[in-house]
Structures are given as structure tokens and as C-alpha cells.
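The values are calculated or read from the model by the stated rules, or taken from the named source; none is laboratory data. In this text, all values refer to a predicted model and were calculated from it rather than measured experimentally. Here the Cβ positions follow ideal geometry from the backbone for every residue, glycine too, while neighbour counts run over all protein chains shown. All accessible areas refer to the heavy atoms of the entire protein, side chains included, with ligands and DNA or RNA removed. Shrake-Rupley method; radii C 1.70, N 1.55, O 1.52, S 1.80 Å.
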Amino acid sequence: MRRTLSAIILMLGISLGISNPARGQSEMQIAQPQVMYTFGESLTIETEITSELPIQDVKILLQPAAGIRQIAGEATLTAPGLVSYTLDLSNNFLGLFADVTYEFQVTLESGETLTSPEYSFYFEDNRWEWQSLKSDEFEIYWYKGNTDFGEKILNTAHDGLERIRLQVDVPAPEALRYYVYASSQELQSALQLSGEAGSQIAGHADPALNKVMVSLAPGPAETLEMKRQVPHELLHVLLYQKLGVGYARLPRWLNEGLASTAELFPNPDYPLLLDKAYERQALLPFASLCQSFPVDAANFQLAYAQASSITWYLQGRFGTSGTEALLAAYADGLDCEHGAETALGQGLSALELDWRSITFHENPWLTSLRGVLPWLLIFTLFLLPWMILNIVDAIKRRKSVQENPASV
Ligand SMILES: [Zn+2]
């Protein structure tokens, strides 16, 4: 259950002396644990355990959101039966905006080990006071800006959904959560404190947890950024819901390309970035954008610009049926080159040449030739004269043999 609470205490379970029979031969009673934390700093869980036999030690097993390692720790007995456990959150990660489950393992002095029932709490970035607004499809959480700001984000999410549905057949979102940070630095700090890398990131989708994190500051530029980030991250989540495990097999250029074309306000820097890279002959081969994007800032942006541009091109040429075929082929596990060939009748490398010729008004034959040009040069400068000399020499020797057969 999600809720917005004070900056310090997330969940104050009241110690009611609830009896929880544990799995084991002996019986123990555990009071409803109290969970207190400040995101990025520390977490404390306290409870009271009573049992017929004296307690020797208490361990706690914390299971963060999917994909993060379980944390096992030793609780301290502050008085007979009073259990306290503290975890440093600056170097132990519990995920973010997700449920954390935990249980106690109690060892009695008799040597017997008892396991408590499983408890859970919702782990959020409680450094901020979150406001919220909801529709059937979306939940918007933000901490800076008034209600109008939240409403604007909610409306943009609905507009983005309409736009995406024109491009891809996607399922309807259900209570998809948007957490809106007021700056990319604050978003990156949250990602880093939750154990995820956050550099160069303005928005972040966590499709498996049905949540999105974006960075939008209320102010003059809010509309443009909102129209970019909100639909972009929505596309990632909906593609995941559409494709399931096949989502992870999508080439990065297609996943990011579709997200870019879903934006309600396209990035105005992309055309210039593409033209400059083309002039410098620095365009990135699409085969290198299948698994991941470059990490350096300049090429990272260029990769997005190229992904966006080729996706626009493919959508224009092959329509929505082409996009669906491409998604199905890649989700099925076909590689970058052959997925395109199966879906669109042309491999990725051939599509790349077509895209270049249309986007940069380039002759595809010259582009193909550019690839073999260094070899052609080596052949012309070194191999060709050597071959000519050899041929001339052979002709001379043959003539000499014909004129002076006895000399052989
Ligand atoms: Zn993206």
C-alpha cells in the first residue's frame, strides 16, 4: 500500500502484541514490527519477540525489489525480547518505489531456529513530500510545483498514450506511477542511492515495476520537457507490457527510436547533430547500436538522434504493420540484421544505406564503395604495379625462350 508520509518515518506499525505463530516446533510471538528510515541514510526495524525458551540470536532477511540481492543481517537484542536492526542505506540498496519484504530468523538457546511470517513495507524516496494525482491509467507523484503542474503531467501522459497508440498496438496502462523529480541532479541522486547508475539520465523507466521516474522543473521550459519525457518513458513501459520477456531482446536503437518518436515534442537538436556527424563521417553504424549505446556524452546523444531518425524513416516506409513485424521478429530472438530481414525483407545494413541515402541525399552506391575504398587504394598503389611488373617480366622471359630455345 502506497502512501505519502513524513520525511523520517515511513511506516509506524503500532506494537499491539499481535500473536504470530511461527513456522517451527516451538512457538514465539512477534509484535507488529516498526520500520523507520530516511532514504539514502539508514533503516531501523524494531519489534518484540517472546518465546517459551530464551532467545540466542535474531537474524533478519531483507528481500529488495526484483533484481537486487537479498540482504541478511544480525539484529541486536536491546533487552530480553526487544529486537532492533539497523541498516546503512548509503551502501546497501533496497531499490526504490517498490515493496521490500523481510522476515526474522530466531535461534533459541536450545539450538532450534524459528522463522517469522513475512512482512513488507513500501520503500520510497522519503526525502521529499510527495503530492499525488490519479486516473485509472496513471498515478502522478511530484514534490515541487502546484496542483496545476501535476494535472499537466497527467494530461500529457494521456496525450502520449493516444500518440503511442497510433504507432504501436499497446495494452492499456494500469496505475502506472510517474515520480517527478524537480531536476535531473535530484533524479540521478535518487537512482544512485537506490543502486542504479544515473549519469546522463533525464528520465528512467522501470517497466517490470510499472513505474517511471522523470525530471521536470516547474517553470518556462516545463511544457517542452514534459512533452518529451512523459511519453518517451511511457513507451518503454508499454512495450515491456506488450512483449514480456521479448522486450529485453529488442535492439537498443529500436527501443529508444520508438520512444523518441512517441515524444510529443521532438528533440530540436537531433537534425543538427545528425548533419554534423554526417559531414565529419562520424555517424555510428547501427550494428553497433544493437546491444547498448556509447557512454561518452557526444556519441550518446548522437545514438539517440540516429535511433530516432531511422525509426521515423522505417515508420514512414513500412507503416505500423512494419513496426509490429519488426517488434515480433526481434522479440522472437532474431538478431539485429536478420530480424529486419525477416520483418521487412531487408537486413539492417541494407536499411541503413537506404536511410542514409534518403536522410542525407546520398548515393547508396558511393556509400558502399566508401567501405572498400581503403582496400582499393592499397590495391592500386602497391599490388597493381607489382602485378604489372610481374606480367611484363613473364612476357619478356617467354619471348626470350622463344628466340633462344637452346638457352633453357
Ligand atoms: Zn529511453
Evaluation of Ser292 against (1) part of a loop (DSSP other than H, G, I, E, B); (2) away from the ligand (no atom under 13 Å from the Cβ) (one fails), failing number: (2)
Does segment 216-226 contain any residue that is within 16 Å of the ligand (Cβ to nearest atom) and either polar (S, T, N, Q) or closer than 24 Å to Pro251 by Cβ (or both)? no
Positions within segment 259-288 being assigned to a loop (DSSP other than H, G, I, E, B) and hydrophobic (A, V, I, L, M, F, W, C), in sequence order: Leu264, Phe265, Ala282, Leu283, Leu284
Unmet requirement for Glu256, which otherwise passes all of (1) among the acidic types (Asp, Glu); (2) in contact with a Phe, Trp or Tyr (Cβ under 8 Å, 6 or more places away or on another chain); (3) more than 13 Å from the ligand (Cβ to nearest atom): (3)
Out of all the residues in segment 320-328, is one or more outside any helix (DSSP H, G or I) and open to solvent by 20 Å² or more (accessible area, probe 1.4 Å)? no
Here, strands (runs of 3 or more DSSP E) confined to segment 99-154 with at least 2 residues that are over 29 Å from the mean Cα position of the chain (by Cα) are 113-115
List the pairs whose first member sits in segment 164-178 and is within 17 Å of Glu324 (Cα to Cα) and open to solvent by less than 30 Å² (accessible area, probe 1.4 Å), whose second member is outside any loop (DSSP other than H, G, I, E, B) and among the basic types (Lys, Arg), and whose Cβ atoms are under 6 Å apart, counting only residues at least 6 apart or on separate chains? Val170/Lys242
Any idea how many residues of segment 49-62 are open to solvent by 70 Å² or more (accessible area, probe 1.4 Å) and in a strand (DSSP E or B)? 2
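Residues are listed down the side, and each one gets a yes or a no for (1) touching a Ser or Thr at 6+ places or on another chain (Cβ under 7 Å); (2) assigned by TED's automatic domain parsing to the domain that holds Glu118; (3) modelled with pLDDT of 90 or more:
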{"residue": "Leu12", "(1), (2), (3)": "no, no, no"}
{"residue": "Leu16", "(1), (2), (3)": "no, no, no"}
{"residue": "Gly40", "(1), (2), (3)": "yes, yes, yes"}
{"residue": "Glu52", "(1), (2), (3)": "yes, yes, no"}
{"residue": "Gln56", "(1), (2), (3)": "yes, yes, yes"}
{"residue": "Leu94", "(1), (2), (3)": "no, yes, yes"}
{"residue": "Ala98", "(1), (2), (3)": "no, yes, yes"}
When segment 207-221 is examined, which residues are found to be within 17 Å of Ala157 (Cα to Cα), open to solvent by 30 Å² or more (accessible area, probe 1.4 Å) and in contact with a Phe, Trp or Tyr (Cβ under 8 Å, 6 or more places away or on another chain)? Pro218
Is it true that Ile71 is at pLDDT 90 or above and outside the structural domain of Asn210 (by TED's automatic domain parsing)? yes
Filter pass, Val237 being within 16 Å of the ligand (Cβ to nearest atom) and either assigned to a helix (DSSP H, G or I) or farther than 19 Å from Glu139 by Cα (or both): yes
Of all residues in segment 336-348 being without any contact (Cβ under 8 Å) to a residue 24 or more places away in the chain and of a type outside the set (Gly, Ala, Ser), which is nearest to Ser292 (Cα to Cα)? His338
Can you confirm whether segment 296-306 contains a residue that is open to solvent by less than 20 Å² (accessible area, probe 1.4 Å) and more than 18 Å from Ala282 (Cα to Cα)? no
I'd like to verify a number: residues in segment 298-335 that are away from the ligand (no atom under 16 Å from the Cβ), touching a residue at least 12 places away in the same chain (Cβ under 8 Å) and of a type in the set (A, V, I, L, M, F, W, C), how many? 7
Within segment 263-280, is even one residue away from the ligand (no atom under 14 Å from the Cβ), open to solvent by less than 20 Å² (accessible area, probe 1.4 Å) and in the same structural domain as Gly203 (by TED's automatic domain parsing)? no
Any residue in segment 235-261 that's without any contact (Cβ under 8 Å) to a residue 60 or more places away in the chain and open to solvent by 10 Å² or more (accessible area, probe 1.4 Å): show its pairings with residues that are within 11 Å of the ligand (Cβ to nearest atom) and of a type in the set (Ser, Thr, Tyr) at Cβ separation under 8 Å, as long as the two are six or more apart or on different chains. Glu256/Tyr304; Glu256/Ser308
